[in-house]
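*Asks:* The structure is given below, and queries will be raised subsequently.
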Amino acid sequence: MNKLTLFIFLFICSHAYAQTPLITDIPGRTLISLDGKWQYIVDPYETGFYDYRWKEKTAKDKDAYWNSDVPDNKTDRKEYGYSDKYTLNVPGDWNSQDPKFLYYEGTVWYKKSFNFNKQLANDNKVFLYFGAANYKTDVYLNGSKLGMHKGGFTPFNFEIPSTLLKEKDNFLVVKVDNKRYSDEIPALNTDWWNYGGITRDVNLVIVPSVFIQDYNIQLAKGSLPAKGKKIEGWIKFNSAVDEIVSFQIPELNFRKEIKVKGDSAAFNFTVSEIQLWSPKNPKMYTVLLSAGNDKLQDRIGFRTIEVQGSHIVLNGKPIFLRGICTHEEIAGEGRRAYSKADALKLLKQVKELNANMVRLAHYPHNENMTRMADSLGILVWSEIPVYWTIDFSNADVLAKAKQQLQEMITRDRNRASIIIWSVGNETPVSDVRTTFMKELVQTARQLDDTRIVTAALETRTVNGVITVDDPLGEYTDIVSVNEYLGWYGGLPNNCRDAQWKIKYAKPLFFSELGAGALGGFHADSLTRWSEEYQEWFYREQVAMMKRMPSNFSGLSPWILNDFRSPRRNNPNYQDGWNQKGLFDHKGNKKKAFYVLKKYYDEIEKKME
């Protein structure tokens with residue numbers, strides 16, 4: 001089984017819930033936006049989904065909330081209804097839009113009416129595409145169920161039968177349920193706010209009846225001679241074809257044809273004089289794909305990323321990752337980030353720090369973030385929410401993790417900025433856990449073997465020595481560890497005598513380190529929660545980093561901004577916020593920001 005066949009096999013098998021395989025490059029398609037105000041019903045008892053015997057309602061049940069709420073006549077009893085009195089913005093989480101939703105976890109029904117020019121469906125297919133909705137989503141159109149999806153941070157789509165669409169008053173109902181369960185991904189326990197709702201864009205996608213469903217375009221590893229660089233990849237149609245695909249890079253006056261007989265084909269070309277994408281030169285090229293009636297346009301950067309010995313190597317040269325972690329949250333407004341403006345705001349803060357890399361914690365962020373990172377030249381670590389303790393012995397949970405991994409990689413495999421796929425964070429060591437995580441590592445490589453695969457590991461202290469020997473490190477490309485010496489153990493000056501023992505001869509990356517500080521609270525450096533304590537923590541950490549061995553390849557401290565978390569309940573210093581940000585939730589820089597920036601400035605100068 002070759003790589004492309006294996007990919008297609010995994011692609012199909014991993015879609016247990018979505019009705020149709022995922023379409024890629026949504027910005028390059030013909031779209032009708034369904035964003036805006038949607039009517040809603042809060043349904044904590046799930047009355048619209050189950051009857052009073054707790055059995056799922058069927059299409060025949062007129063009181064199911066996916067059916068029309070308009071009474072048939074004056075004797076018809078309706079105990080539910082959608083009204084402009086109750087609306088939510090889409091995209092957007094419900095928690096930040098009304099105080100009654102702040103802590104709400106449960107079901108909300110969304111309803112959107114829209115008109116549709118049915119001529120657009122002539123010789124075309126119409127898909128309903130969600131950027132994401134958290135967590136379990138059931139979708140109905142005009143009383144018929146299109147399908148269901150699980151996963152709060154990855155995209156999904158459904159094909160709409162042309163017979164189901166109407167010219168006027170289409171009735172789209174979406175049931176979103178963000179309750180937490182022990183057999184989901186993530187599970188019950190996290191350290192971030194469980195924002196519910198349709199949190200990303202919703203679009204109707206119009207494509208020809210035969211269309212390019214997915215593609216992969218990249219610079220081949222080792223393709224770095226002075227002239228002549230090899231571009232390779234594959235293209236996949238929604239069905240078997242006998243087509244010629246035109247591949248163009250107009251800026252380079254480059255055009256080739258790809259023969260596709262069947263539903264997919266691999267290709268490789270040699271292109272001269274191409275500029276490589278990097279943080280210092282985030283060069284992007286317009287790439288055009290056309291076949292029959294289908295035409296796509298994407299912006300793609302060409303670069304290579306790999307591990308060579310004890311170094312991370314970008315475009316053939318070792319690189320030090322000056323990173324920072326971030327959540328998908330606009331702290332000042334206490335809401336999920338979703339727009340291009342949000343992405344720019346967060347990544348401009350990354351640039352202010354003089355970081356060249358961002359860890360998107362602890363789940364795939366919206367597509368605006370990865371595309372904005374492409375344009376700004378910021379390297380990206382993208383991660384699925386296999387977080388802390390989940391049910392590692394459950395085969396269904398593994399399948400859900402693989403599904404989210406596949407959806408993350410499918411959406412973003414053509415983004416030059418992404419150099420690391422992460423399969424999890426701080427998972428407790430056991431044989432069953434290592435088997436589970438090893439399978440995710442192998443699946444990531446099967447889906448995309450051109451990037452680094454890792455997971456954030458914990459450390460353990462043995463006789464005063466900080467030891468990194470997690471058995472998962474044997475399977476990852478780099479050794480990524482989270483450590484909080486001076487915050488969750490000891491004081492910051494304990495870093496001075498810290499001894500490290502690392503089992504694996506691989507690049508070492510500190511995926512987290514940090515300390516909390518209430519923005520604007522000042523005291524001496526020994527006072528917890530003061531900016532001075534956090535500043536001291538960073539100074540001692542930086543000094544320890546400077547003593548790390550030569551395989552030390554970077555760090556991404558925790559975290560760019562303060563963020564909401566129900567776990568953080570000190571009434572004086574937290575009050576529902578994780579305060580480890582270098583920016584407080586009002587947007588002010590804390591003193592530790594300047595310590596880390598100075599370190600990054602020194603590293604950049606040294607690497608020049």
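The values are calculated or read from the model by the stated rules, or taken from the named source; none is laboratory data. For clarity, every value in this text was computed on a predicted model and none was experimentally measured. Don't worry about glycine lacking a Cβ; one is built from the backbone with ideal geometry, like all the others, and counts go over all protein chains shown. Quick note on the areas: whole protein, heavy atoms, side chains included, nothing else; ligands and nucleic acids left out. Shrake-Rupley method; radii C 1.70, N 1.55, O 1.52, S 1.80 Å.
*Asks:* Looking only at region 418-434, count how many residues are closer than 18 Å to ILE478 by Cα and either within 23 Å of the chain's Cα centre (by Cα) or in a helix (DSSP H, G or I) (or both).
*Replies:* 11
*Asks:* Among what's in region 104-119 and is under 32 Å from the mean Cα position of the chain (by Cα) and farther than 16 Å from VAL176 by Cβ, pick the residue that is most open to solvent (accessible area, probe 1.4 Å).
*Replies:* ASN115
*Asks:* Kindly indicate whether GLY334 is touching a strand residue (DSSP E or B) at 6+ places or on another chain (Cβ under 9 Å), buried (at least 22 other Cβ atoms within 10 Å of the Cβ) and of a type outside the set (D, E, K, R).
*Replies:* no
*Asks:* In this structure, does LEU405 turn out to be surrounded by fewer than 20 Cβ atoms within 10 Å (Cβ to Cβ), within 22 Å of CYS325 (Cβ to Cβ) and in contact with a helix residue (DSSP H, G or I) (Cβ under 8 Å, 6 or more places away or on another chain)?
*Replies:* no
*Asks:* Between SER530, SER525, which is modelled with pLDDT of 95 or more and surrounded by fewer than 19 Cβ atoms within 10 Å (Cβ to Cβ)?
*Replies:* Among SER530, SER525, only SER525 is modelled with pLDDT of 95 or more and surrounded by fewer than 19 Cβ atoms within 10 Å (Cβ to Cβ).
*Asks:* Can you tell me which residue within region 489-507, out of those that are crowded, with 18+ Cβ neighbours inside 10 Å and touching a residue at least 60 places away in the same chain (Cβ under 8 Å), is farthest from the chain's Cα centre (by Cα)?
*Replies:* Out of the qualifying residues, it is LYS506.
*Asks:* Tell me which of these ASP575 doesn't satisfy, since it passes every other one: (1) among the charged types (D, E, K, R); (2) part of a helix (DSSP H, G or I); (3) without any contact (Cβ under 8 Å) to a residue 60 or more places away in the chain.
*Replies:* So the condition that ASP575 fails would be (2).
*Asks:* In this structure, is GLY486 open to solvent by less than 10 Å² (accessible area, probe 1.4 Å) and in contact with a Cys (Cβ under 7 Å, 6 or more places away or on another chain)?
*Replies:* yes
*Asks:* Now a separate question. How about region 233-280: which of its residues are among the charged types (D, E, K, R) and closer than 17 Å to ILE212 by Cα?
*Replies:* Passing the criteria: LYS236, ASP242, GLU243, LYS256, GLU257, LYS259, LYS261, ASP263.
*Asks:* Counting only residues that are among the aliphatic types (A, V, I, L, M) and in a loop (DSSP other than H, G, I, E, B), which one in region 247-280 is least open to solvent (accessible area, probe 1.4 Å)?
*Replies:* ILE274
*Asks:* I need every pair where a residue in region 552-571 that is at pLDDT 95 or above and open to solvent by less than 10 Å² (accessible area, probe 1.4 Å) has its Cβ under 7 Å from the Cβ of a residue that is of a type in the set (S, T, N, Q) and not in a loop (DSSP other than H, G, I, E, B), sequence separation at least 6 or different chains.
*Replies:* SER556/SER511; ILE559/THR326; LEU560/THR326; LEU560/GLN349; ASP562/ASN578; PHE563/ASN578; SER565/ASN578
*Asks:* Can you name every residue in region 160-204 that is among the acidic types (Asp, Glu) and either closer than 24 Å to ASP61 by Cα or without any contact (Cβ under 8 Å) to a residue 40 or more places away in the chain (or both)?
*Replies:* ASP169, ASP177
*Asks:* Filter region 431-460 down to the residues that are open to solvent by 20 Å² or more (accessible area, probe 1.4 Å) and closer than 17 Å to LEU508 by Cα and list them by number.
*Replies:* Listed by number, the residues that qualify are GLU458, THR459, ARG460.
*Asks:* If you go through region 376-417, how many residues are in a helix (DSSP H, G or I), farther than 16 Å from ARG303 by Cβ and either free of Cβ contacts under 8 Å to residues at least 12 places away in the same chain or of a type outside the set (S, T, N, Q) (or both)?
*Replies:* 13
*Asks:* Report whether or not ARG371 is open to solvent by 10 Å² or more (accessible area, probe 1.4 Å) and not aromatic (Phe, Trp, Tyr).
*Replies:* In short, yes.
*Asks:* Which count do you get for residues in region 254-297 that are among the hydroxyl-bearing types (Ser, Thr, Tyr) and in contact with a Ser or Thr (Cβ under 9 Å, 6 or more places away or on another chain)?
*Replies:* Final tally of qualifying residues: 3.
*Asks:* Residues LYS236, LYS283, LYS230: which one is open to solvent by less than 20 Å² (accessible area, probe 1.4 Å), under 30 Å from the mean Cα position of the chain (by Cα) and not polar (S, T, N, Q)?
*Replies:* From the options LYS236, LYS283, LYS230, the qualifying one is LYS236.
*Asks:* Looking only at region 187-222, which residues are farther than 26 Å from VAL423 by Cβ and either outside any loop (DSSP other than H, G, I, E, B) or open to solvent by 10 Å² or more (accessible area, probe 1.4 Å) (or both)?
*Replies:* Within region 187-222, GLY197, ASP201, VAL202, ASN203, LEU204, VAL205, ILE206, VAL207, PRO208, SER209, VAL210, ILE212 qualify.
*Asks:* Filter region 461-481 down to the residues that are touching a helix residue (DSSP H, G or I) at 6+ places or on another chain (Cβ under 9 Å), open to solvent by 20 Å² or more (accessible area, probe 1.4 Å) and either among the aliphatic types (A, V, I, L, M) or modelled with pLDDT under 95 (or both) and list them by number.
*Replies:* Answer for region 461-481, where residues must be touching a helix residue (DSSP H, G or I) at 6+ places or on another chain (Cβ under 9 Å), open to solvent by 20 Å² or more (accessible area, probe 1.4 Å) and either among the aliphatic types (A, V, I, L, M) or modelled with pLDDT under 95 (or both): just GLY464.
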